[in-house]
Every structure is written in structure tokens, then in C-alpha cells.
1. Only one of 91, 130, 137, 152 is open to solvent by 60 Å² or more (accessible area, probe 1.4 Å) and either in a loop (DSSP other than H, G, I, E, B) or modelled with pLDDT under 90 (or both). Can you tell me which?
2. Please tell me if residue 164 is open to solvent by less than 100 Å² (accessible area, probe 1.4 Å), touching a residue at least 24 places away in the same chain (Cβ under 8 Å) and of a type in the set (Phe, Trp, Tyr).
3. Which members of segment 50-79 meet the condition of being loosely packed, with under 10 Cβ neighbours inside 10 Å and either of a type in the set (Asp, Glu) or touching a Lys or Arg at 6+ places or on another chain (Cβ under 8 Å) (or both)?
4. Would you call residue 86 outside any loop (DSSP other than H, G, I, E, B), open to solvent by less than 80 Å² (accessible area, probe 1.4 Å), modelled with pLDDT of 90 or more and among the basic types (Lys, Arg)?
5. Check segment 86-99 and report whether any residue there is of a type in the set (Phe, Trp, Tyr) and without any contact (Cβ under 8 Å) to a residue 24 or more places away in the chain.
6. For the list (1) basic (Lys, Arg); (2) closer than 23 Å to residue 101 by Cβ; (3) in contact with a helix residue (DSSP H, G or I) (Cβ under 8 Å, 6 or more places away or on another chain), I need the number of the one condition that residue 73 fails.
7. Picking from 123, 163, which residue would you name as being farther than 30 Å from residue 48 by Cβ, outside any helix (DSSP H, G or I) and either in contact with a strand residue (DSSP E or B) (Cβ under 8 Å, 6 or more places away or on another chain) or of a type in the set (Gly, Ala, Ser) (or both)?
8. Kindly evaluate residue 113 against the criterion of being among the small types (Gly, Ala, Ser) and either open to solvent by 50 Å² or more (accessible area, probe 1.4 Å) or at pLDDT 95 or above (or both).
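The values are calculated or read from the model by the stated rules, or taken from the named source; none is laboratory data. As the structure is a prediction and not an experimental result, all values here were calculated from the model. Glycine gets a Cβ as well: all are built from the backbone with ideal geometry, and neighbour counts include every protein chain shown. Surface areas here come from the heavy atoms of the whole protein model, side chains and all, with no ligands, DNA or RNA. Shrake-Rupley method; radii C 1.70, N 1.55, O 1.52, S 1.80 Å.
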Amino acid sequence: MLRLTTGRVGSLLARRATAAFTTSSVRMASHGHEVADVVDMSQPLYWDRRDIPLPDRRYKDVLSATDQSLKQKEKGPWGQLTKEEKIALYRLSFCQTFPEMNKKTDEWKSVLGGIFFFLGFTGLVVWWQRVYVYPERPITFGDEWQAKQVKRMLDMRINPVEGFSAKWDYEKGQWK
């Protein structure tokens, strides 16, 4: 018996918490602001895409009085429709035509500009690190030091069978 009452109390509290949450969120969202429209994502959506020429639904769902009269006229012979009426009927079903969808845009300019901006910024960061962050280059990277190192390795006959010293002609004093 005790279990039954605690279960009922728990469900009652859960219902109250849910009701309080929904009413408070509506109140918070409507403090002088418009409440956003809820879109039912379970319904088919309209897309203007070249790879899907026939979208799942028409462009205009809610028709005005003129649109409805035009739809009634559509049921009759199409030879009696004017060119403007045919275009208006097309615009009821589709937002854009294929040439309008294929029209080139200037978006590539902004993308290329953004790429060049970030490349320039990266170059500035690398230059700043080279000047202010990295230490001086070691003297072992200099040409003079490397020439001395090669001379020393040849004098010591480092790896004389197949390696470095094997490629030096000691009689002539030059590379083989």
C-alpha cells in the first residue's frame, strides 16, 4: 500500500514540475519579444535543388484568392492561359527556375578573400615568432662550420668502407 501512494505522489510531482517548466519557459520567452515559430520537421520541406528537380511539396501551400482562381483556370484547356498565368502557375509550385538556380554567384570572391586573409595572418604570426620567440640560429648551421665538420670527418676517416669517407679520394684531395 505504501508503494502505491509513493508512486502516485511521484507522478503527481513530476506532472507539476513539467507543467511549471512549460509555463515558465513560455513566460520567459514572451517578455516583450516575439515567440519563434515552431517548424514541424516531420512534414516534407521545400528545396530548390538541381539534383532533385521535383521537391516533396509545393512552394506555396497557402493560396490567396487570385491563386485559387488561377488553379481553377488550370484545370481547363492550357491554350486559353496567357504566358503570365502559366508563369504564375509555375511560381506556385517552384520558387526558382533552373537558369536561376544555375546562375553564377560572386561567393568565390569572398571565399578567396578569406583564404588570403588567413594566409597573410598566418604569415605575420610566423614572422613574429621567428623574430621574437625563436632563439638565434646555432653556429653549427653556418656554411663555415659545416665545411669544418666535413673536413674533420674526412680526417677521421668516418665510415671508410661504404659511407662518407669512401667517396673521398685521399690522394687527389677531391670527391670521387
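1. Criteria check complete, one pass: 137.
2. Working: open to solvent by less than 100 Å² (accessible area, probe 1.4 Å): yes; touching a residue at least 24 places away in the same chain (Cβ under 8 Å): no; of a type in the set (Phe, Trp, Tyr): yes.
The answer is no for residue 164.
3. 51, 61, listed by residue number.
4. Working: outside any loop (DSSP other than H, G, I, E, B): yes; open to solvent by less than 80 Å² (accessible area, probe 1.4 Å): no; modelled with pLDDT of 90 or more: yes; among the basic types (Lys, Arg): yes.
Criteria not met by residue 86.
5. Applying the first criterion (of a type in the set (Phe, Trp, Tyr)) to segment 86-99 yields 90, 94, 98.
Among the residues that remain, those that are also without any contact (Cβ under 8 Å) to a residue 24 or more places away in the chain are: 90.
Among the residues of segment 86-99, at least one is of a type in the set (Phe, Trp, Tyr) and without any contact (Cβ under 8 Å) to a residue 24 or more places away in the chain, which makes the answer yes.
6. Only one criterion is unmet by residue 73, namely (2).
7. Numbers: 123 fails: outside any helix (DSSP H, G or I).
Answer to the selection: 163.
8. Working: among the small types (Gly, Ala, Ser): yes; either open to solvent by 50 Å² or more (accessible area, probe 1.4 Å) or at pLDDT 95 or above (or both): yes.
When the stated conditions are applied, residue 113 passes them.
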